[in-house]
Structure formats: C-alpha cells, structure tokens
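Asker: I am attaching a structure below and will ask some questions about it afterwards.
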Amino acid sequence: MNKQTVKLPSLTQVFIALGIFLALAFSFTAKLDLPIQLALYIGWFVIIALGIKLGHDYKSLETAATKGIANGLGAVLILLAVGALVGTWIAGGIVPTIIYYGLKAIHPSIFLLATMLICSMTALATGTSWGAAGTAGIAMMGIGQGLGIPAPMTAGAVLSGCYFGDKMSPLSDSVILASSMSNVEIVEHIKGMLPIALISYIITGILFTAVGIHYAGNVDMSQVESVIVAMEQQFVISPFSFVPVIIVLALLALRLPSFPVISLGSLLGIVWAVMVQDMDPLVAFNTAWAPFSIDSGVDFIDAILNRGGMSSMLGSVAVIVFGLGFGGLLDKVGVLQTIAKLFEKRVNSAGSLSVSTIATAFLGNVFGSAMYVSLILTPKICAKNYDRLGYQRKNLSRNAEFGGTLTSGMVPWSDNGIYMASILGVATFSYAPFMWLSFVCIIVTIVSSYMGWFVDRCPPTETADNHDDESQLQATQAQQQTA
C-alpha cells in the first residue's frame with residue numbers, strides 16, 4: 001500500500017528541464033554541428049528523470065513515449081512516400097517540366113506573389129500543406145533559383161501559401177483536429193479563422209509583391225535562358241508530364257488517404273521515367289529509394305535536381321520519432337499544464353486569452369516536436385479560460401490553429417520544420433524569417449483580440465467542458481489520415 005503520489009512539476013523544475021533541452025538543441029545545431037537527433041535522444045532521459053522524481057514509474061513513462069510515437073506514425077509514412085515521389089518525379093521529368101514552363105511563363109516581378117497563390121490553391125484543394133510543398137513547392141523553389149530569387153525567401157512564400165490553403169480547407173487534418181479538440185464544428189472553425197486569415201493574406205501578398213518588384217531588376221535573363229536550354233538537353237519536356245500531377249492532386253482533393261495516393265504518384269513517376277525519359281527500368285525504380293543523380297554541368301540544375309528518394313528522409317524520420325516520443329513524455333509528466341497555469345493567472349481578457357493560447361500552442365511545437373501534440377494539448381489546457389471568461393470555443397480553435405499550425409514549420413526539430421527543410425532544401429532558421437503570413441496572422445489576431453474585433457462572446461461558465469476520451473481518440477485518428 002505504499003503507492004507513490006504523482007505530482008505535477010513545479011515551474012522551477014519545468015524551466016530547468018526545458019532549459020537543458022533547449023541548450024542541447026541550440027548548441028548541437030548552431031555551435032557544435034551535431035545532429036538534432038542526439039539532442040532529442042538525450043532530452044528523453046532528462047524528462048524521464050524528472051518524471052521519476054515526480055512519482056512516475058519508468059514503465060509508464062516508456063509507454064507514454066511509445067504512444068506518442070504511435071500517434072504520429074502516419075506522418076512518418078507520408079514523409080517516406082513523399083521522398084519516393086520527389087525522386088521519381090525528378091527522374092520522370094515531371095518536376096523539370098514544371099520548372100521549365102514556370103521559367104518561361106512567370107515574370108520575376110510577380111514570382112513571389114505567384115508562388116504564394118499557387119501553393120495556397122494547391123493546399124486548399126488537397127487539404128495538406130505537406131502535399132502542396134512536396135509538389136508545387138518544389139517546382140517553385142526550382143523556378144525561384146533559376147530567376148535568382150534567394151531560396152529562403154522563396155521558401156517563405158511557399159510556406160505562406162501552403163499554410164494558408166491548409167487552414168482554409170475543410171479537408172485539412174489540422175483543421176479537423178483543432179476544431180474537434182475544441183468542440184467546434186469544422187465550418188464554424190473555418191468561418192472563425194476566415195476574416196483574420198484573409199486580412200493577413202492580403203497584407204502578405206502586398207509584401208511579397210513589393211519585394212518581388214525589387215528583385216525583378218536584378219534578374220539575369222540570359223542565365224534563365226541557359227537554364228531552359230539545359231533542361232531541354234537533359235530531359236524530354238512535354239505537357240504530357242503534367243498528367244501525374246493532375247492525377248495526384250485530384251485524388252487528394254477527393255479526400256482519399258494521402259499515403260496510398262502519394263505512393264501511386266511515385267509509381268507514375270517511375271512509369272514516366274521509363275516511357276518518356278527512356279530510363280532503364282531498374283534505375284528508374286531505384287530513384288524511389290536513392291536520390292536522383294544528374295551531372296549536367298549547370299550548377300542550378302544539379303543543385304535542385306540531385307535529391308529525393310526515401311533514403312534522403314531517414315534522418316528526418318529519426319527526428320520525428322524522437323520528437324513524438326519526447327512530446328508523449330512531456331504530456332505524461334505534465335510540463336505544458338504547469339506552463340499553462342502560469343498563463344492562467346494573467347488571463348482576464350480576449351487579448352490575453354489569444355496571447356496565452358498562441359504561446360501555449362507554440363510551446364507545444366517547441367517542446368512537443370510535433371504539430372499534433374500542440375493541437376491536442378492546447379485546447380485541453382486553455383479551454384477552461386474561454387469558458388470562465390465567456391468566449392466561444394471557436395475563438396479557442398482559431399487561436400490554437402494559428403499558434404500551433406502556423407508556427408510548426410519554424411521549429412527545426414518539429415515534424416513540420418524537419419519536413420519543410422528537407423523537401424525545400426533550405427534550413428529552418430534560414431526560411432523562418434520569411435514566413436510572413438504566419439507572423440502577420442499572429443500579430444493581426446492579437447491586435448484584433450485586444451481591440452475586441454472578431455471576438456465572439458457567450459455566457460461564462462464556472463467549469464470547463466472537458467472533452468471525453470472518445471472525442472480525443474476521434475481527433476487523433478483524423479489527424480493521422482493526412483499531413
């Protein structure tokens with residue numbers, strides 16, 4: 001009968017544990033040139049030690065870590081499938097064809113705006129920011145490099161479009177997760193986000209247009225022409241190569257599961273490599289695993305096209321697995337709940353509600369290493385404050401979505417940060433300053449909340465309406481179906 005009492009961590013314990021993790025993460029990546037995987041690996045034992053001190057037994061902590069990993073394995077499968085897609089689509093001439101026609105059609109002055117528009121439409125239609133970045137995003141990165149636009153800025157435009165379209169799509173896993181965890185209908189959730197998202201989208205579009213005009217005068221069109229000629233020499237360029245793109249985007253738009261659809265896309269890439277590019281079938285098939293290899297003599301083409309394959313994603317898979325386990329441990333030990341209690345004492349208005357919710361969601365990405373961790377934990381932690389102060393839950397779902405989804409790509413060790421850096425070929429800390437839609441949207445949300453705009457009231461309640469286990473399980477399963 002000597003069962004040990006389990007306690008929540010104190011604020012001092014939380015700061016020490018998370019401080020150790022952040023010190024490891026930043027020193028490994030920025031100073032020591034060591035992989036972030038090792039920092040996450042060590043971070044497990046930091047949180048396990050804290051959990052044992054608080055009264056948890058090791059077995060329960062290990063189970064929490066493995067459950068965290070299991071809940072996010074859908075993202076790992078999609079990551080590997082996208083790696084195969086990229087390799088085979090390059091080998092099949094699909095990505096080179098998109099880059100070729102893009103260089104011929106898009107004027108440098110509107111390139112960044114066009115990038116944001118194309119990626120947002122792709123994400124809106126498919127409901128997945130990952131799919132949009134892995135198809136339209138890769139092509140726009142190639143076009144931007146050909147036009148001489150800095151890669152981090154192009155990546156910022158890509159992600160601004162991808163995340164906007166993802167947020168506005170009822171097909172999106174994050175939309176389903178944020179709304180269901182907050183007990184809000186999906187349509188109401190999107191309507192709650194729409195005014196701020198549209199204002200932010202327009203402001204971001206103006207910013208990218210202004211910057212694009214600045215770069216237009218510095219583009220060497222002779223270099224663009226040389227890239228176009230080199231593309232024609234290395235690949236068979238044909239509008240027929242757009243067929244796999246249309247098929248994959250159409251199937252995703254029909255709400256079919258991402259993993260088999262993207263895998264089908266990689267199979268089509270192999271077919272195109274053999275039938276259109278006249279590649280040896282075994283070599284074409286191998287591009288689904290190993291990065292495509294080309295030595296064209298043109299630096300731009302070699303840099304943008306020597307990539308892809310499942311093997312190129314294995315480092316990212318390790319980060320996501322360790323990150324998901326780390327998030328499961330944090331949830332079990334109660335780290336984010338302790339941080340939320342600190343915010344709760346200062347929450348007394350719509351503005352402070354928005355700040356605390358967005359901050360909690362961001363911390364869910366930083367310390368949970370996965371967007372789904374943020375979108376599951378944030379509504380659970382913050383809901384009672386909205387009920388207590390008399391604000392509708394769609395305000396909660398909107399703020400959790402903006403704070404959790406729009407910042408997920410900024411964290412180098414999160415699932416989104418790892419994926420986007422891998423697929424776009426730009427380091428997270430390099431492109432993060434150019435994720436202008438995310439910054440503008442968060443700023444507009446906070447300012448409008450303090451001003452009382454786009455805030456919906458309801459009768460206050462004394463106790464929060466806690467979600468039952470079935471609701472949480474349904475939301476978790478929904479987020480696994482697409483990325």
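The values are calculated or read from the model by the stated rules, or taken from the named source; none is laboratory data. Keep in mind the model is a prediction, meaning the values are calculated, not measured. A quick note on method: Cβ atoms are made from the backbone with ideal geometry, for glycine too, and the neighbour counts reach across all protein chains shown. We work out accessible area using only protein heavy atoms, side chains counted, and drop any ligands, DNA or RNA first. Shrake-Rupley method; radii C 1.70, N 1.55, O 1.52, S 1.80 Å.
Asker: Please list, ordered by residue number, the helices (runs of 4 or more DSSP H) wholly in region 234-322 having 2 or more residues that are of a type in the set (Val, Ile, Thr) and closer than 26 Å to residue 129 by Cα.
Answerer: Because the criterion is at least 2 residues that are of a type in the set (Val, Ile, Thr) and closer than 26 Å to residue 129 by Cα, the helices (runs of 4 or more DSSP H) in region 234-322 that meet it are 243-253, 258-275, 299-305.
Asker: How many of the residues making up region 344-390 are among the hydrophobic types (A, V, I, L, M, F, W, C) and free of Cβ contacts under 8 Å to residues at least 40 places away in the same chain?
Answerer: Qualifying residue count, region 344-390: 1.
Asker: Here is a further query. Could you say which residue among 190, 196, 143 is hydrophobic (A, V, I, L, M, F, W, C), open to solvent by less than 70 Å² (accessible area, probe 1.4 Å), at pLDDT 80 or above and in contact with a Pro (Cβ under 8 Å, 6 or more places away or on another chain)?
Answerer: 190
Asker: Something else: State whether the residues of region 405-412 include one that is closer than 30 Å to residue 35 by Cβ, open to solvent by 10 Å² or more (accessible area, probe 1.4 Å) and in a loop (DSSP other than H, G, I, E, B).
Answerer: yes
Asker: Being farther than 22 Å from residue 90 by Cβ and among the hydrophobic types (A, V, I, L, M, F, W, C) is the filter here, so list the residues in region 135-180 that pass it.
Answerer: 153, 164, 168, 171, 175, 176, 177, 178
Asker: Which one of 121, 153 is closer than 22 Å to residue 244 by Cβ, touching a helix residue (DSSP H, G or I) at 6+ places or on another chain (Cβ under 7 Å), at pLDDT 80 or above and open to solvent by 10 Å² or more (accessible area, probe 1.4 Å)?
Answerer: 121
Asker: Sticking with this one: Of the conditions (1) on the phi < 0 side of the Ramachandran plot; (2) buried (at least 24 other Cβ atoms within 10 Å of the Cβ), residue 380 satisfies every one except a single condition; which number is it?
Answerer: For residue 380, the failing item is (2).
Asker: Sticking with this one: Please work out if residue 192 is in a helix (DSSP H, G or I) and within 30 Å of residue 302 (Cβ to Cβ).
Answerer: No.
Asker: Scan region 54-67 residue by residue and report those that are in a helix (DSSP H, G or I) and either of a type outside the set (D, E, K, R) or surrounded by fewer than 13 Cβ atoms within 10 Å (Cβ to Cβ) (or both).
Answerer: Residues satisfying the conditions are 58, 59, 60, 61, 63, 64, 65, 66.
Asker: So which residues in region 416-427 are open to solvent by less than 10 Å² (accessible area, probe 1.4 Å) and modelled with pLDDT under 90?
Answerer: 416, 417, 419, 423, 424
Asker: Follow-up. Could you say which residue among 84, 70, 17 is crowded, with 19+ Cβ neighbours inside 10 Å, within 30 Å of residue 259 (Cβ to Cβ) and either acidic (Asp, Glu) or in contact with a helix residue (DSSP H, G or I) (Cβ under 9 Å, 6 or more places away or on another chain) (or both)?
Answerer: The conditions single out 84.
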